[in-house]
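What follows draws every value from the coordinates through simple rules; no lab data is involved. Just so it is clear, the structure is predicted and the values come from calculations on it, not from any experiment. Positions of Cβ are backbone-derived with ideal geometry, glycine not excepted, and every protein chain shown enters the neighbour counts.
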Ligand code: ADP
Ligand code: MG
């Protein structure tokens, strides 16, 4: 008796899309089915390492039946139990496909390739799909049938060997759209597709291929017969010599293996021999995965041992700061009898991970040095990830990452490295300066930039939220420390000037204290500025949290309490200061109102919200009236 079951909602969406098949590359269905077959054999091969009874002559076979218009793809992999059939073919198990299905409504159809639509792609060419399967863990065999509507059926059946057979009943040809599904019934097309997409599948893909024997006598017809032929070369790409592999081959391999639609930005292929021997083939995708910065993102490299697939996403092989890297490691030194948990603690694996990390770093550095345009492209996509890497490790990755990060500056619209900054630093400049803001223009117009502009010092532009947090971890570069233009002492004026200012600060103490009183707890101090030249006032932060960090933290659910200490600085050389002195002499209370106005203005310049906009507005109006009495 066949049981009828419902596809899960997200599966239905994806199915619908396949059935209506707006996607132009329908031929990928074969790649997807073969890759599932190969995965299933991988799994059996892996189990067979500890259970030799499972060993067999692994292969995938394709049969074409022109009369019935079917393609049958069989494998002798692990097979599926009844539960697995329901769970793996009735729902979308992989997070990638699920996200994709969720975003289907507005998804660009061409990005399907990125998600590797998998099994359901069969419905792009088939009107009915039958799966006959028997798990290596079960005596029972099952038949799964669907026509791509909202339901499928499962029933018991007979099958001798463990493994899976998938029968695709092709759709009718469509004259209107000129879609000719009969193409997929020709040996030529199938051979071609296998070569194109599945050449390096590690197991033989076999098909009966028509052969012609021409007799001596040319007048007689040739003898036609069929011969089982292996269609793929089976050599894993990474085992070939670098010099024998074209960029296109790397690219095809990458797209196929990692379900991407675009060619990679960078390929890193290396064979390492020594204490640990392994081959790694790594790719930097041209597009960051859509969920790179979400918690759901799963990093990891595929792990093989002597060409045998062990696992898909080994997290330990790739550090978080390079988590965007995809690829694989094939080592002959790993003990295959280790459980997956044990593998995590494996010393060899740790060594490999370290070498892989250094390799990526050195390749990125090379790219930065020799192909700056590509590096810029890379940096636009993954720069923030590197910065997070610097921040998250509490400085553990400083050395590794500090030369990979770059900034735009007040003098450069191109990204420059910290090394490049230091190389062209002004004579007498003692620190690396940075300023946070949305754009170069807004940063250049900050009052805190007055003296720096005057001295023609280059200032790093911090435009990402993470920047200040990261620099607080980095602390120094090439023995120079980092200074925010809006925090602490900028060290811009000479000793003599400094002394004079300190003296003046003392003399004007009562005025400054009264200003501070007017602001109550809003600021920790009001003082004469050592950084202003043209502008009358500015707000800076004291030690610790900066105002920029306060802004970022307050936008997070857990950071509402974050507060920077604020200091209101007044330019002693500005006319405003003389006015304040005059007002203070005549009416000390009045100066408190001025303090409130100045503070509000400074907040506005910083891009911070006014605490009490109507008070500010009233004070301004009062000031206008008073000044014209
Ligand atoms: P993916 O291969 O990325 O997991 P698919 O949609 O291609 O996604 O396949 C879904 C699941 O169906 C697989 O994960 C696997 O569990 C199961 N499956 C598909 N084809 C086979 C097969 N030939 N043998 C065993 N299991 C299979
Ligand atoms: Mg698949």
Listed highest first by mean packing, meaning other Cβ atoms within 10 Å per residue, what order do 210-218, 537-545, 559-567 come in? 537-545, 559-567, 210-218
Distance (nanometres) between label positions extended 7 Å along Cα→Cβ at residue 480 and residue 422: 0.9
Mind jotting down the three principal axis lengths of segment 237-376 based on Cα atoms? Whole angstrom, largest first. 44, 38, 28
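Apply the Kirkwood formula to segment 3-230: the hydrodynamic radius equals the inverse of the mean of 1/r over all pairs of different alpha-carbon atoms; give it in Å with one decimal.
Numbers: mean 1/r = 0.0533 Å⁻¹.
The answer is 18.8 Å.
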Quick check: residue separation of residue 563 and residue 578 times 0.36 nm, minus the Cα distance between them. What number comes out in nm? 2.2 nm
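If contacts are Cα pairs under 8 angstrom and at least 6 residues apart, what is the relative contact order of segment 494-629 in percent? Can you show the working numbers first?
Details: 152 pairs, mean separation 35.6, N = 136.
RCO, segment 494-629: 26 percent.
Take the eigenvalues of the Cα gyration tensor for the chain, scale each by 5, and report the square roots as semi-axes in whole Å, largest first.
On the way: eigenvalues 910, 150, 93 Å².
They are 67, 27, 22 Å, listed from largest to smallest.
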When N is the residue count of segment 405-485, what does its C-alpha Rg come to as a fraction of 2.2 N^0.38 Å? 0.99
283, 415, 297 arranged by Cβ crowding within 10 Å, fewest neighbours leading: 297, 415, 283
Suppose the chain between residue 463 and residue 396 were pulled fully straight at 0.36 nm per residue; how much longer would it get relative to their current alpha carbon spacing? 21.8 nm
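Over all directions, how big on average is the projection of the convex hull of the alpha-carbon atoms in segment 546-624, in square nanometres?
Numbers: hull surface 25.4 nm².
For the Cα atoms of segment 546-624, the hull's average projected area reads 6.4 nm².
In nm, what is the difference between 0.36 nm times the number of residues separating residue 290 and residue 6 and their Cα-Cα distance? Mind dumping the intermediate values first?
Details: separation 284, 0.36 × 284 = 102.24 nm, distance 2.93 nm.
Extending this stretch completely gives an extra 99.3 nm.
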Angle in degrees between helix 575-586 and the longest Cα principal axis of the chain, rounded to the nearest 10: 50
To the nearest 10 degrees, how steep is helix 372-392 against the longest Cα principal axis of the chain, on a 0 to 90 scale? 70
Output the relative contact order of the chain, whole-number percent, from Cα pairs under 8 angstrom with separation of 6+ residues. 8
q = 0.14, 0.15, 0.19 Å⁻¹, segment 305-437: log10 I(q)/I(0) [Debye, one scatterer per Cα]: -0.74, -0.82, -1.13
Calculated FRET efficiency, residue 453 and residue 369, Cβ-Cβ r, R0 35 Å, to nearest 0.05? 0.65
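Divide by every residue of the chain the summed helix terms, -39500 (n - 2.57) for each DSSP H run of at least 4, and state the resulting mean residue ellipticity at 222 nm, rounded to the nearest 500 deg cm²/dmol.
On the way: 20 runs with 224 residues, N = 629.
Helix-only estimate at 222 nm: -11000 deg cm²/dmol.
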Could you tell me how many degrees, from 0 to 90 and to the nearest 10, lie between the Cα long axis of helix 247-258 and the main elongation axis, the longest principal axis, of the Cα atoms of the chain? 90
Give me the distance in nm between label points sitting 7 Å out from Cα along the Cα-to-Cβ direction at residue 554 and residue 347, one decimal. 5.4
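How would 568, 474, 604 line up from fewest to most surrounding beta-carbon atoms within 10 angstrom? Each step should come with its number before you reach the end.
Numbers: 568 23, 474 19, 604 13.
Ranked by crowding around the Cβ, least crowded first: 604, 474, 568.
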Short to long, in 5 Å steps from zero, the percent of alpha-carbon pairs of segment 494-629 per bin is 2, 10, 17, 23, 20, 14, 8, 5, 2, 0, 0
Considering the zone a paramagnetic label at residue 587 would reach in this model (a point 7 Å from Cα along the Cα-to-Cβ line), which residues of segment 501-525 have amide N under 17 Å from it? 515, 518
Residues 35, 121, 614 arranged by fewest to most Cβ contacts within 10 Å: 614, 35, 121
